[in-house]
Amino acid sequence: MMPFWSRRPPTPVTGQQAEHLAQRWLEQQGLVHLESNWRCRLGEIDLIMRDNDTLVFVEVRYRTSTRFGGALASVTATKQRKLIAAAG
């Protein structure tokens, strides 16, 4: 099965739809969904999943074009620090 992010959807996808697609794909890989859009004063985590006894914190990024870099390139050092703080 091809990962969901390697297929371009036929219509534009919203952030919420992208999170739902990511959640479904992760569940198909055996992870268990615990929370969506978890917020605290330090930031937000899109998805919190469990993989056996490991908590998995997921930042969902969707881009319609790689013109300015792919989704991974959009997670800056500042965003990484916020995610780590929120997960801590």
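It is to be established whether one or more residues within segment 1-16 are at pLDDT 95 or above and out of contact with any strand residue (DSSP E or B) (no Cβ under 8 Å at 6 or more places or on another chain).
Within segment 1-16, none of the residues are at pLDDT 95 or above and out of contact with any strand residue (DSSP E or B) (no Cβ under 8 Å at 6 or more places or on another chain).
Answer yes or no: is there a residue in segment 60-79 that is of a type in the set (Phe, Trp, Tyr), surrounded by 12 or more Cβ atoms within 10 Å (Cβ to Cβ) and part of a strand (DSSP E or B).
No, segment 60-79 contains no residue that is of a type in the set (Phe, Trp, Tyr), surrounded by 12 or more Cβ atoms within 10 Å (Cβ to Cβ) and part of a strand (DSSP E or B).
Within segment 25-45, how many residues turn out to be open to solvent by 80 Å² or more (accessible area, probe 1.4 Å) and not in a loop (DSSP other than H, G, I, E, B)?
4
The values are calculated or read from the model by the stated rules, or taken from the named source; none is laboratory data. What you are looking at is a predicted structure, and each value in this text was computed from that prediction instead of being measured. Every residue, glycine as well, gets a Cβ built from its backbone with ideal geometry; the counts of neighbours run over all protein chains shown. Side chains are part of the model used for accessible areas, which takes the heavy atoms of the whole protein and leaves out ligands, DNA and RNA. Shrake-Rupley method; radii C 1.70, N 1.55, O 1.52, S 1.80 Å.
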